[in-house]
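The values are calculated or read from the model by the stated rules, or taken from the named source; none is laboratory data. Not measured: the values here are computed from a predicted model. Here Cβ is always computed from backbone atoms with ideal geometry, including for glycine, and neighbour counts include all displayed protein chains. In case anyone asks, the SASA skips ligands and DNA or RNA and just uses the protein heavy atoms, side chains included. Shrake-Rupley method; radii C 1.70, N 1.55, O 1.52, S 1.80 Å.
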Amino acid sequence: MSEAGGDILVARGLRKSYTLGSQELAVLRGIDLRVRRGEALVIVGASGAGKSTLLHLLGGLDAPSAGDVSLDGASLFGMSSAARTRLRNEQIGFVFQSYNLLPELDALENVCLPALMQPRARDGVAERGQELLKAVGLGERLEHRPSELSGGEQQRVAVARALMNRPALLLADEPTGNLDSKTGEAILDLLWRLREESGTTLVMVTHDQHVATRGERVLEIADGRIME
Ligand SMILES: Nc1ncnc2c1ncn2[C@@H]1O[C@H](COP(=O)(O)OP(=O)(O)O)[C@@H](O)[C@H]1O
Ligand SMILES: [Mg+2]
């Protein structure tokens, strides 16, 4: 059966527990979620509520203890890890709170990296990287390394990198969490503008109720479950 109603991402019965010594910590206790193609969904929750854990599962970066995620009808945890890595690289852009840029690469190299990890022709990759950096306002910073950029600029590079492979799905984990409020607002404006231009589906998690108001739909995560 195909996914009903144009849902791009479906999570079913997601559970995640961590074992620390003899203690089992149940972080996600059964999450069911549907994300419609093109929507901007925000999931808000307190620190420690399991937001990052959930987003990592939705992006196939970590495996659940139970349950599954499907992207465009393909079961993420029913495929080999090599296939999952390939699908992730092609279909999913991830923006982390702490940017996660490679320090030894300059801005343009960081942005181009996802494309260079694909087994396809490299023609036009550098040009697209430059266009993306221009689109995020860093056309004059192509050769700067992360240490030579401000936090807001590093996050702009990370946003450009996430869009490099024209992902169908953009996942953002507290992308403004390390930024002052003015710089954070600018990053959110940028994310929302770019997702509108590209038609990309966005799922963002945040602890910040004010940031959450950006969502077309806002869900809350608490006690390892989603509350409407
Ligand atoms: N690798 C891990 N091992 C053990 N516990 C973890 C691990 N990752 C996260 N946790 C715990 O899971 C809970 C949820 O973490 P996280 O998903 O990072 O929350 P949030 O992003 O909402 O702040 C926290 O209590 C955290 O300590
Ligand atoms: Mg987190």
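Descriptive notes on the structure:
- Positions within the range 70-99 being exposed (fewer than 15 other Cβ atoms within 10 Å of the Cβ) and not in a helix (DSSP H, G or I), in sequence order: Gly73, Ala74, Ser75, Gly78, Met79, Ser80, Ser98
- Selection from the range 20-37 of residues that are open to solvent by 30 Å² or more (accessible area, probe 1.4 Å), touching a residue at least 60 places away in the same chain (Cβ under 8 Å) and either within 11 Å of ligand 1 (Cβ to nearest atom) or within 20 Å of Thr206 (Cα to Cα) (or both): Ala26, Arg29, Asp32, Arg36
- Qualifying residue in the range 164-172 (condition: open to solvent by less than 60 Å² (accessible area, probe 1.4 Å) and over 16 Å from Leu55 (Cα atoms)): yes
- The residue that is nearest to ligand 1 (Cβ to nearest atom), among those in the range 151-210 that are under 11 Å from the mean Cα position of the chain (by Cα) and among the β-branched types (Val, Ile, Thr), is Val205.
- Residues that are of a type outside the set (Asp, Glu) and surrounded by 14 or more Cβ atoms within 10 Å (Cβ to Cβ) were ranked within the range 214-228; the one that is nearest to ligand 1 (Cβ to nearest atom) is Ile221.
- Within the range 101-136, the set of residues being assigned to a loop (DSSP other than H, G, I, E, B) and at pLDDT 95 or above comprises Leu101, Leu102, Pro103, Glu104, Leu105, Asp106.
- In the range 175-213, residue nearest to Gly93 (Cα to Cα) [restricted to those that are part of a loop (DSSP other than H, G, I, E, B), away from ligand 2 (no atom under 16 Å from the Cβ) and open to solvent by less than 60 Å² (accessible area, probe 1.4 Å)]: Thr200
- Candidates Gly50, Gly59: the one that is within 14 Å of ligand 2 (Cβ to nearest atom), open to solvent by less than 50 Å² (accessible area, probe 1.4 Å) and either more than 21 Å from Asp208 (Cα to Cα) or acidic (Asp, Glu) (or both) is Gly59.
- Residue within the range 103-112 that is buried (at least 16 other Cβ atoms within 10 Å of the Cβ) and within 16 Å of ligand 1 (Cβ to nearest atom) present: no
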